[in-house]
Amino acid sequence: MIARLKGSYFAKLMMSHLALTMLLITLSGGLLLNKTADMITKEMRSTGEMQLASMRETLESQQLESYNSALLNKALSTVRVEAESEIQFFLTNGKGNNYYRITRLAQDLKTLSMSLPMLHNLSFYFANDNFVVDQYFHNSPDNSPQAKLLQSDKPILTHQWFVRDVATQSLDKENKIVITYVYTLPYMARAGQIKGYMIVDLDAEKLIASVGEHLTANGEKLVVMSADGQVIGASSEWEDSMLQLVRKHLPKQEEQMVRVDDNVITLLPADQSRLNWHYALLRPQTSVLLTTQKMKSEIWMAGLAIALLGAIVSYVVSRKVYGPFRYITQRVRSASGYAKSGHNEIGWLEQALGFLDKQRAVYMTEKREKQWREAILGNLDFTGEELLIPSEGCFMPVSLELEGMEYGRFAQLLVKSGEKSPLYEELLVLSANEAVIVYWCEEWRSDMEAIIRDRLQLAASAVPESFRYIAGFGTATNKLEGIPLSAAEAQTARRYGFLSEESGCISYRLIERRKGLYPELKLEPFDTLLRSGGRHELDQYLTMCETDLRGEEYSIEAIELVLMQLHLYASKAKMMLDGNENEPVAFVWQSTLGKAISELRQLSMTVVEQRTEKKNVRYERIFSGIKEYIDLHIHEDISLEQLSAITSYSKQFVCKLFKEELQLTFVEYLTIRRLEHAAQLLRTTTDPIGAIASRSGFRSSQYFSNKFKSKFGVTPVQYRSTRSEIRMAQHVPE
């Protein structure tokens with residue numbers, strides 16, 4: 001049989017069909033595998049770069065820049081407001097013998113440092129007398145943590161962030177990596193005008209760990225290096241071999257993804273960083289490998305199934321021409337319904353291609369969202385990629401803050417409220433507390449802001465009463481290049497929603513006229529009220545502050561600074577009452593000015609209650625000692641000077657204590673106690689009247705008799721006689 005088939009037309013025909021089938025299977029399988037590998041590679045490269053770019057922006061634009069523009073400026077202003085006289089005095093005159101000024105400045109810096117979690121150290125260097133003040137006083141820079149910086153031959157970098165290592169106070173003497181910002185004193189002084197420096201050191205390890213804290217759950221790791229390859233900080237510990245591999249590939253700017261073992265390292269070179277830093281992200285690719293292997297196995301199984309089907313078809317076609325033709329015709333007519341069953345190879349391929357189409361749609365959506373984000377941040381270089389967002393038209397960014405609802409749910413309500421709207425929109429969630437909506441249309445519209453306000457109000461009307469939104473409007477622009485400035489204006493306008501307790505929309509043109517003046521509030525009286533004032537006085541002061549801060553001339557930065565200073569005063573007062581210098585009251589930014597004042601009012605009332613309770617206990621302890629001393633020395637001459645010496649308080653305070661506790665003067669109380677002691681001696685002894693007067697502290701018997709009669713209505717002799725008759729009557733038998 002085999003010999004008969006060998007070389008026959010039937011055998012050649014069947015072999016040709018089998019060869020064609022295998023060729024098609026090989027080409028299809030190879031194309032699918034290559035497409036899968038390329039898709040996974042592009043996806044990992046794209047997601048890794050996006051993730052690194054996001055963390056870079058978080059660190060450099062949000063963490064450091066916001067720390068510089070907001071917290072550091074507030075910190076400098078806070079210290080200058082609270083210790084302005086000390087700083088100006090030291091800049092001009094040096095330290096001299098004014099150590100009380102130095103102690104007060106150091107205490108203020110210590111209180112401020114405890115309220116800033118990422119702060120490693122805050123130091124002031126005064127060129128006049130060459131000394132340093134941080135949380136302690138350093139008579140010379142040699143003895144301070146800033147010795148290496150101040151004594152270096154290289155010029156000090158001012159008004160910019162840079163990385164350096166500083167000595168620590170630990171026993172192992174290891175250095176610590178910090179991110180430093182140096183202000184010149186006076187503020188922004190140059191060259192010969194510089195009289196000192198304010199040196200701010202941030203803990204690099206804590207700062208970078210906070211940026212990458214969400215990575216540990218996925219097994220991912222972030223490391224940030226300086227331009228020369230020095231490790232600035234990491235989200236978690238890296239192996240030395242991995243760090244060496246990163247340093248090896250840093251000079252190769254074109255290589256941004258490196259595979260090693262079961263991990264993928266994505267690199268973001270220093271030329272893409274404002275601070276010239278390298279970023280590297282280590283991600284395990286176990287799940288990706290398993291998915292790839294599974295897909296390969298499925299492709300091979302499908303290929304084998306198709307090969308078997310091809311062999312059968314080849315045999316049938318070789319035997320009959322009409323049979324294969326009829327079979328193929330039936331398959332073509334019923335392909336769609338048969339494929340949907342999911343029990344054949346054609347259905348599997350259609351499902352696989354459908355899955356790839358969905359992945360492509362997701363990728364395009366993420367890419368479009370990324371381009372919008374880059375447009376908002378001002379990174380408008382889209383060279384070499386397809387532009388998925390409009391380049392011209394009418395654009396208006398809106399900065400949105402929600403309270404009581406997630407952004408995704410509110411976005412659905414916005415879409416529903418804008419079904420007939422001529423505007424398009426793109427919602428970009430920037431953080432848990434802020435999102436930006438970019439509205440646009442093809443042609444310029446002067447009523448764009450009114451349309452957006454109506455849509456926001458319509459969407460908000462369908463939510464519970466507890467919901468609150470604040471929307472800040474930037475200036476409309478007709479160019480893609482104008483979006484970053486307009487988005488910054490919208491974010492600035494949205495921050496002024498802090499002054500309102502209700503939902504609302506705020507346009508940048510309405511707050512642009514604010515002068516940014518510092519509120520003319522006297523904050524020192526608040527400190528005095530915390531130390532000695534009452535609840536009503538504190539409540540009146542805070543109400544006055546709230547009314548004044550709601551004025552139309554102050555910037556939101558100045559208002560936040562005032563609130564921060566008020567909280568520092570209250571926190572410091574509570575720490576002093578608690579006797580705890582290491583755990584200040586946490587300062588939490590509230591969503592509205594009313595809630596912030598309410599929190600300050602509650603903290604202030606707690607301080608008043610603790611102060612009043614401690615005052616009563618202290619007064620009782622002091623007065624108990626005074627009464628005991630008087631009873632023991634009743635027969636002696638007792639003066640206010642003696643009581644002041646034994647209590648360590650002034651004579652005025654002792655007099656005030658008698659008046660507040662007994663409503664008596666010291667002399668009145670002493671006379672009453674001596675007369676009571678004399679009455680006891682008259683009742684219990686038979687001593688002469690003169691001796692009793694002397695034992696009770698009276699130097700004159702006549703004076704004693706006059707005072708005794710004034711208090712008891714009888715003379716000492718009559719008092720003793722009356723008491724004797726009463727005792728005799730009590731012992732008469734019945």
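Coordinate-derived values only; no laboratory data. Predicted, not measured: the structure shown is a model, and the values here were computed from it. No Cβ is skipped: glycine too gets one built from the backbone with ideal geometry, and neighbour counts run over all protein chains shown.
Calculation over all alpha carbon pairs of segment 590-656 in 5 angstrom steps from 0 returns a P(r) of 3, 14, 17, 14, 11, 8, 8, 7, 6, 5, 3, 2, 1, 0 percent. Can you give the Kirkwood hydrodynamic radius for segment 97-169, in Å, rounded to one decimal and based on Cα pairs? Mean inverse Cα-Cα distance, inverted, gives 13.4 Å.
Note down the relative contact order for segment 468-572 as a percent, whole number, built from C-alpha pairs under 8 angstrom at least six residues apart.
On the way: 110 pairs, mean separation 28.0, N = 105.
In percent, rounded to a whole number, it is 27.
Over all pairs of different C-alpha atoms in segment 447-499, the reciprocal of the mean inverse distance, the Kirkwood hydrodynamic radius, equals 12.5 Å. Beyond 20 Å in Cα-Cα separation lie the following of the pairs Lys574/Lys651; Lys627/Lys651; Lys522/Lys572: Lys574/Lys651. Taking amide H atoms as placed 1.01 Å from N in the peptide plane, the amide H of Gly196 lies under 5 Å from those of Ala127, Leu185, each 5 or more residues away in sequence or on another chain. For segment 125-222, lysine pairs separated by 8 or more sequence positions, or belonging to different chains, with Cα-Cα distances below 27 Å total 11. Each residue of segment 654-670 was assigned a 3J(HN,Hα) from its phi angle through the Karplus curve 6.51 cos²θ - 1.76 cosθ + 1.60 (θ = phi - 60°); the sequence is 5, 4, 4, 5, 4, 5, 6, 7, 10, 6, 10, 7, 4, 5, 5, 5, 4 Hz, with glycine and proline shown as x. Couplings 3J(HN,Hα) for segment 480-486, derived from phi with the Karplus relation 6.51 cos²θ - 1.76 cosθ + 1.60 (θ = phi - 60°), are 4, 5, x, 5, x, 5, 5 Hz, where x marks Gly and Pro. One way to sum up the overall shape of segment 404-557 is the equivalent ellipsoid from its Cα gyration tensor, whose semi-axes run 37, 19, 12 Å, largest first.
Under 5 Å between amide hydrogens, built in the peptide plane, is the criterion, and for Asp134 it picks out Phe124 among residues at least 5 positions away or on other chains.
Charging the Cβ of each Asp and Glu at -1 and of each Lys and Arg at +1, and nothing else, the dipole of segment 95-189 about its Cα centre rounds to 160 debye.
Counting Lys and Arg as +1 and Asp and Glu as -1, each charge on the Cβ, what is the dipole of segment 350-461 about the Cα centre in debye, to the nearest 20? Present the calculation step by step, with values, prior to reporting the outcome.
On the way: 12 positive and 21 negative charges, 59 e Å.
Value, rounded to 20: 280 debye.
For segment 371-466, the extents of the C-alpha atoms along the principal axes are 48, 30, 18 Å, listed from largest to smallest.
Need one number: the % of Cα-Cα pairs in segment 137-212 sitting beyond the 18 Å mark. Walk me through the intermediate numbers first.
Numbers: 1349 of 2850 pairs.
When all Cα pairs of segment 137-212 are counted, 47 percent exceed 18 Å.
Amide H contacts of Arg164 (H built 1.01 Å from N, in plane; Pro and chain starts excluded): Val178, Thr180 sit under 5 Å, all sequence-distant by 5 or more or on other chains.
In order along segment 125-133, phi translates into HN-Hα couplings of 10, 10, 5, 5, 6, 6, 9, 10, 10 Hz, rounded to whole numbers, per the Karplus curve 6.51 cos²θ - 1.76 cosθ + 1.60 with θ = phi - 60° and x for Gly and Pro. Within 10 Å of each candidate Cβ there may be at most 11 other Cβ atoms; applying that plus a DSSP loop requirement, which trypsin sites (Lys or Arg not before Pro) in segment 185-238 survive? Answer in residue order: Arg190.
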